[in-house]
Every structure is written in C-alpha cells, then in structure tokens.
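Participant: Before we start, here is the structure in question, set down as structure tokens.
The values are calculated or read from the model by the stated rules, or taken from the named source; none is laboratory data. Remember, predicted model here, so these are calculated numbers, not experimental data. Using ideal geometry, Cβ is built from the backbone for each residue, glycine included, and neighbour counts are taken over all protein chains shown. For the accessible areas, the whole protein counts, side chains as well, though only heavy atoms, and no ligand, DNA or RNA atoms are used. Shrake-Rupley method; radii C 1.70, N 1.55, O 1.52, S 1.80 Å.
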Amino acid sequence: MTFALYGNGVSRGVTIGRVLCIDDAHDDITHSPVSSAERGAEAERLRSAFETVREDFQHLRLHVPSKAPNELRAILEVHMMLLDDPALIDAAVGLIETRGMNAEWALVETADLLAEQFDRMDDPYLRERKHDVLQVVARVRKALAGHRRITAPPLDDLPPIVIARDVAPADMIEYRHMAEGAQKAAGFITEAGGQTSHTAILARSMGVPAVVGVRGALDRLVDGDLIVIDGEQGVIVVQPDRQVLDWYRARVLRQSDEKAALGALRSRACVTIDGRLIELHANIELPEDAIAAINVNASGVGLFRSEFLFLDRDELPDEDEQFDAYRRAVSAMGGRPVTIRTIDIGADKMLRVPDKRMDGTENPALGLRAIRYSLAEPKMFRAQLRAILRAAVYGPVRILLPMISSVREVEAAREQIVRARAELTQRGQPVPDDVPVGGMIEIPAAAVALRAFTPVLDFLSIGTNDLIQYTLAIDRADATVADYYDPLHPAVLALIARTIEEGERAGVSVSVCGEMAGDPLLAPLLLGMGLRNFSMHPAQIPYVKQALLACRHDEARQLADAVLAENDSRVIRSLLAAARPAALRAAA
Ligand code: PEP
Ligand code: MG
C-alpha cells in the first residue's frame, strides 16, 4: 500500500530508489523485565518474529529478478544464514529465559555483543558483516513491532537510499567515499537533524536529495522498499503505485533536462541585468571537491571546511598530511583563490581522539569550539597554520578564522600566524608575503560589534548557519526545534545586512558562506543588501547563478529595503516569492 512520510527537505532533487536502513542506535528499546511465568510466551514471540522474517526472505529469494547482480543474491543468502545462526536466535531466546528480558531487549543485547565481536575481527570482510547482522536484527525488530512488509521485486539496479536515525558528519564522509564506488547512496532520510545540520550540508555537497527530521522513518521503512524521495518538498512516497511512480519518473527526467540547461550557463560570467558582477565561490569539505568547484566554474573556494580532514581519525593529520591536502586543493583550483578555514572542531564535529576537557560538556555548541579550540591547542593550531602557509606557495590562499567573538581572539590567532611563519622561515621554507586573514561572522556579538573587527581583519565571511543558531537560540541539528530555525527572522536579516554594509563601508570585502548563500530564492535579497561574493556548495552554483542573471541590482535594493522594514518572516517570504524573476517562476 502506498503511503507518505514527511520531514524537512534539505537537499533538492527527486530520486527513486530502494531503502537501505542503517539502524545501529538501540537506545529507544524498552527494557521491561518479564516474569518467570511469561518467559515462555515472550520467547515464542521472538521465535515467531524470526519465522516472519524467514518467510519474507524466502519470498524475496523466489522473486529475485533474473538480471539482478549475483552479489545481491549472495547478500540475501548471508542474511538467511545469519537469521538461522544460533549465536543470534538461541542466544537471544536464552536471555529471555534466563534473565527475563523482553524480546526486543534480548535481541539488541545479543546483536550488540555480536557486533562487538565483528568489530574485533582482523579480516576487513568479516568486520563488514556486522552491518549484515544489524540489518537482519532491524528486520526482526520491525516484525516484533508488527511493521512487516514484503517488498517485491526486492533486488534491482535501483540505487540505495540511506535511512538512519542520524548520520554524523564523520559517517557522511564515509558515504562520500562510497559515492565513488558501486553502492552510491542516492539520497538520505534521517529521523534527526535540522535544516543546516552538517548531515544536511553534506547531502547537499553530494548533490543528492535529503529529508531530515522524519519521525518514525526507521520503524516504517523496511530494507528494499521502493521509495521516492523529494528533497525539495520534504516528502517520501513509500511503495508508490504505477501512476504515482510514472509521475515521479517524468519529474526525474525533467530534472535532468533542467540540469543540462543549467550546465549551459557554466561559461557565462555572473552579471546582473544591469551589469553588476558577482563572484560565486564554492564550499568544499575535502580537496577532491575542488574538481566539482571547477566543473561549475566557481570563482574560487570561499570555504574549505578543513576539520573534515580530522574527523573519524584515530590519529590526527600532521603538518605534512595537511599540507598535501591543502596543496592539492590549491593546485586543482589553478590560480583561483582558496579560503581555508582553520578547524571548526566541537559541537556536532567532535574528534574521535578522547578529550577530557569535553567530558560532561552540556552545551558543546557554546563550548570549546572552532577558534577557541585552536587557541587552546597552540601546537596543533600552528601545525595547521604552517601547512596552510606552505600550500600558499602554490596559489592564492586566504586563512579564515571560525566563530570569532572578540578582537582578542583575532590578535591571538595572528600572533600564532606570525610564529608559524617564523618557524617556516627558520626551516628555510618559503612563505608568500601576502596571505590575507579573515574572520567568520557567525556569532551575533561579532556582527553587532563589527566596527571593532574591520581594522584587524582582511575580509569577512558570514556563516549564516551558526548566525541563525546563535541569534535565535535554536540548535541547528535538533529536529524538535527545526520549525523555529528561520533564516528570514528579521533579527537575522538585520545582522546580515548590517555586516555587509559596515564591511563594505570599511573597505573590507564580505561574503556569505552559510547555506543561505546557496538558496536561489534568497539571492536577490542578498544582492540587494550589497553582497557581491557568495559561497556555496558547487551543486548550488548553477541555480544561484541562474537567479542572479535574471536580477536587476536596483530592483534587488528596493526588495531588500522592503524586506528589512518588515517584522514578520511570513510576509518576508511572500515578498521574496513575489519578487522571484518571472522567468524563474515559470520554470519552477
Ligand atoms: C556557517 O555556520 O554558516 C558555516 C558556514 O559554517 P559551518 O556550517 O561549517 O558551521
Ligand atoms: Mg559555522
């Protein structure tokens, strides 16, 4: 039966694919002790859930399409074997009988034990089997909960769409690597997450649709379900009937036509109708992303989130490894400027290396994060600065300091840059004279006190994702408050407008590198506020360029004046929708 699920669409595009559940969080399992008299019935409930899944697998095996790749058949066989493995079923039944656990509790307890054993295995192939165990267990859990559905045909060449409770930034990096292999994830659905959680940002960087904050997704979706994900509307259609599927297939085709049309804009300069030249830069997470930036003809890299080199690592990258990564990005950009942000560690981007200082931190987003972290770790900071300065020999590089809140931090960072430079000179290594140092305006205090910063910074970059989070006191990664996360809140817009205006007045260039810069609907507004430099994921550049090419600067100014005079973000949204250039409205 067809049904729909809803969440926050955070990365545009429509994809048709098959569900791949990544269900490794077992925290929501109820732990209810079972009395001795009830244990037999509870064990039977678990056995019968296994039996249900066994029947499903048998059905699936009979319906494997003839052209399905052999590996898919092999996976099904492995899952059937695991289902019958006494280490799983007998052990779980044993926990019910001897320790009086309820079936769900016994099941995940056994699965966790098995997963640990797999984790300890040396053979990488066997280690990988842990995911198979977790997938089988997830099916049994769904059968226990009464959510059971046989999906047929189960195996075809449709791409996987990953469903997870949450995808940590470090895991996303793994998916990005996977994206280069055969099992390319074609979309993401998470139960957690907000508009600008790093999960959402990375999905955008992969150019695949993503819907976050979808409550109950893991319970209601089963591996192999045929689904459509619409990352713009935030809709997921499960088991679509023929008519619905045909309609979405037509949309997917239209989408590729649109992409081809946008591709034709690649070589056009981004100039408004009345001749204002705008620079469109790319945000990247890894040096390899520079290729995508060049493919869309970005003016440069406006934000290299260098912390992604540090995530999911037991040993942090040393100076040479970092130098190599930065140099690769700089060389790939072929003379276009590369803005490297010093690490923004903390909050949802924690290092794997244990750090006692973070223990018991209740508000990591307000804690030792970004520039504060770097200043607390001067040796590590200087290693990064030396790596950046060395890479600057290969092309224009700028250093960007994240989350500045006081001039003192900028001065302290500049002292470290001077020391890093001296250390390189002492080693006899060349360093270019001119490596501009900029600051990210993402804490309201910095925007309000901007005049203090313009004399000590060479450029400014507005990080709207955090600026919204800190202005509105909304955790950007928290799905429960996602509805309050409002880029069009008058306070947020006033801070952005004032930063652009004061920066320009002081002769310090300003860019916006938060997700707002990549939203074509907001492009005329930011243009009207005086912005000339946008930085966004490469995949967004064609859409924003298309919007700006259809704008007149004088009209955009009037729009910005009207918006800044408004107090209600709903009215602001309708002003923006009405101001959308007619050509784009027709295309939408
Ligand atoms: C921002 O906060 O807008 C930003 C660009 O930084 P990040 O999303 O990496 O925190
Ligand atoms: Mg930020």
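Participant: Which angle between 0 and 90 degrees, to the nearest 10, do you get for helix 490-505 versus the longest principal axis of the chain when only C-alpha atoms count?
Facilitator: 40 degrees
Participant: To test your reading of the geometry: what angle, between 0 and 90 degrees and rounded to tens, separates the Cα axis of helix 103-119 from the longest principal axis of the chain?
Facilitator: 60 degrees
Participant: What is the spin-label model distance, in nm, from residue 352 to residue 312 if the labels are put 7 Å beyond Cα along the C-beta direction?
Facilitator: The modelled label-to-label distance comes out at 0.9 nm.
Participant: Can you compute log10 of I(q)/I(0) for region 27-144 with the Debye formula, treating each Cα as one identical point scatterer, at q = 0.12, 0.16 Å⁻¹?
Facilitator: So the normalised log intensities work out to -0.46, -0.77.
Participant: Suppose we take every Cα in the chain and form the convex hull; what volume per residue is that in Å³?
Facilitator: Working: hull volume 98.3 nm³, N = 588.
Value for the chain: 167 Å³ per residue.
Participant: Grab the DSSP H runs of the chain that are 4 residues or longer, score each as -39,500 (n - 2.57), total them, divide by all residues and round the 222 nm result to the nearest 500 deg cm²/dmol. Write out the running numbers ahead of the final one.
Facilitator: On the way: 23 runs with 274 residues, N = 588.
Rounded to the nearest 500, the figure is -14500 deg cm²/dmol.
Participant: With θ taken as phi - 60° and the coefficients 6.51, -1.76 and 1.60, list the Karplus ³J(HN,Hα) couplings across region 222-232 in order, rounded to whole Hz; mark glycine and proline as x.
Facilitator: 10, 3, x, 4, 7, 9, 10, 10, 10, x, 8
Participant: Would you please give the residues with an amide H less than 5 Å from that of residue 300, counting only those at least 5 places away or on a separate chain, with H modeled from the backbone geometry?
Facilitator: Under 5 Å from the amide H of residue 300: 282.
Participant: Would you calculate the separation in nanometres between label points at residue 505 and residue 113, each defined as 7 Å from the Cα along the Cα-to-beta-carbon direction?
Facilitator: Calculated label separation equals 6.9 nm.
Participant: Related question: Counting only protein heavy atoms, what percent of the accessible surface of region 72-136 is carbon or sulfur at a 1.4 Å probe?
Facilitator: 56 percent
Participant: Further question: Are there any trypsin sites (Lys or Arg not before Pro) in region 238-324 that are in a DSSP loop and have at most 14 other Cβ atoms within 10 Å? List them by number.
Facilitator: Values: sites: 242, 249, 251, 254, 259, 266, 268, 276, 305, 313; in loops: 266, 268, 276, 313.
Those that pass, being in a loop and sparsely packed, are 266, 268, 313.
Participant: Write down the radius of gyration of region 278-587 and its Dmax, each obtained from C-alpha positions, in Å.
Facilitator: Answer for region 278-587, Rg first and Dmax second: 19.3, 62 Å.
Participant: Additional query: Is there a quick way to get the dipole size of the chain? I mean about its Cα centre, with the Cβ of Lys and Arg at +1 and of Asp and Glu at -1; what is the value in debye to the nearest 20? Intermediate results must be reported in sequence, preceding the final value.
Facilitator: Details: 67 positive and 84 negative charges, 390 e Å.
So the dipole magnitude of the chain works out to roughly 1880 debye.
Participant: What FRET efficiency do you get for residue 245 and residue 77 if R0 is 25 Å and r is their Cβ-Cβ distance, rounded to the nearest 0.05?
Facilitator: Working: r = 29 Å, r/R0 = 1.17.
So, using R0 = 25 Å, E works out to roughly 0.30.
Participant: Explain nothing, just compute: Karplus ³J(HN,Hα) = 6.51 cos²θ - 1.76 cosθ + 1.60, θ = phi - 60°, for every residue of region 274-279 in order, whole Hz, x for Gly and Pro.
Facilitator: 9, x, 8, 8, 10, 9
Participant: What residues qualify as long-range amide H neighbours of residue 233, i.e. H under 5 Å apart, gap of 5 or more or another chain, H built at 1.01 Å from N?
Facilitator: For residue 233, no residues qualify.
Participant: In degrees, nearest 10, range 0 to 90: what is the angle between the Cα axis of helix 39-62 and the longest Cα principal axis of the chain?
Facilitator: It is inclined by approximately 70 degrees.
Participant: Here is a follow-up. Hey, can you find the accessible area per residue of the chain for me, probe 1.4 Å, expressed in square angstrom?
Facilitator: Values: 25390 Å² over 588 residues.
Averaged over the residues of the chain, the accessible area is 43 Å².
Participant: Using every alpha carbon pair in region 408-505, what percent of pairs falls into each 5 Å bin from 0 up to the bin containing the largest distance?
Facilitator: Final binned percentages: 2, 12, 20, 16, 14, 12, 9, 7, 4, 2, 1.
Participant: In terms of modelled amide H atoms, which long-range or inter-chain residues lie less than 5 Å from the amide H of residue 478?
Facilitator: Those lying under 5 Å, H to H, from residue 478 are 194.
Participant: With a Förster radius of 45 Å, plug the Cβ-Cβ distance of residue 35 and residue 558 into 1/(1 + (r/R0)^6) and report the FRET value to the nearest 0.05.
Facilitator: Values: r = 73 Å, r/R0 = 1.63.
Efficiency, from the Cβ-Cβ distance: 0.05.
Participant: Moving on. On a full-extension model of 0.36 nm per residue, what is the gain between residue 566 and residue 47, subtracting their alpha-carbon distance, rounded to one decimal in nm?
Facilitator: 180.7 nm
Participant: Determine the relative contact order of region 275-396: mean sequence separation of Cα pairs under 8 Å and six or more apart, normalised by residue count, in whole percent.
Facilitator: 28 percent.
Participant: Now a separate question. Would you mind getting me the FRET efficiency between residue 85 and residue 2? Use the beta-carbon distance for r and R0 = 51 Å, nearest 0.05.
Facilitator: Details: r = 35 Å, r/R0 = 0.69.
After rounding to 0.05, the efficiency reads 0.90.
Participant: Also: Per-residue HN-Hα couplings for region 437-449, Karplus 6.51 cos²θ - 1.76 cosθ + 1.60 at θ = phi - 60°, whole Hz, x for Gly and Pro?
Facilitator: Ordered by residue, 3J(HN,Hα) equals 10, x, x, 8, 9, 9, 10, x, 4, 5, 5, 5, 9 Hz.
Participant: Fully extended, how many nm does the chain gain between residue 498 and residue 273 (0.36 nm per residue separation, minus their Cα-Cα distance)? Each step should come with its number before you reach the end.
Facilitator: On the way: separation 225, 0.36 × 225 = 81.00 nm, distance 2.52 nm.
Stretched fully, the residue 498-residue 273 segment lengthens by 78.5 nm.
Participant: Over the chain, what is the relative contact order in percent, taking alpha-carbon pairs closer than 8 angstrom and at least six residues apart? If you can, show how the numbers build up before the last one.
Facilitator: Working: 1113 pairs, mean separation 85.0, N = 588.
In percent, rounded to a whole number, it is 14.
Participant: Ok, one more. How many nm separate the modelled label positions at residue 99 and residue 484, each set 7 Å beyond the Cα in the direction of the Cβ?
Facilitator: 3.9 nm
Participant: Using a cut-off of under 13 Å, list every residue of region 534-548 whose amide N is near the label point 7 Å from the Cα of residue 295 along the Cα-to-beta-carbon line.
Facilitator: 538-542
Participant: Could you report the accessible area of residue 75 in Å², rounded to 10, computed with a 1.4 Å probe on the protein chains as they sit in the structure?
Facilitator: Estimated to the nearest 10 Å², residue 75 gives 80 Å².
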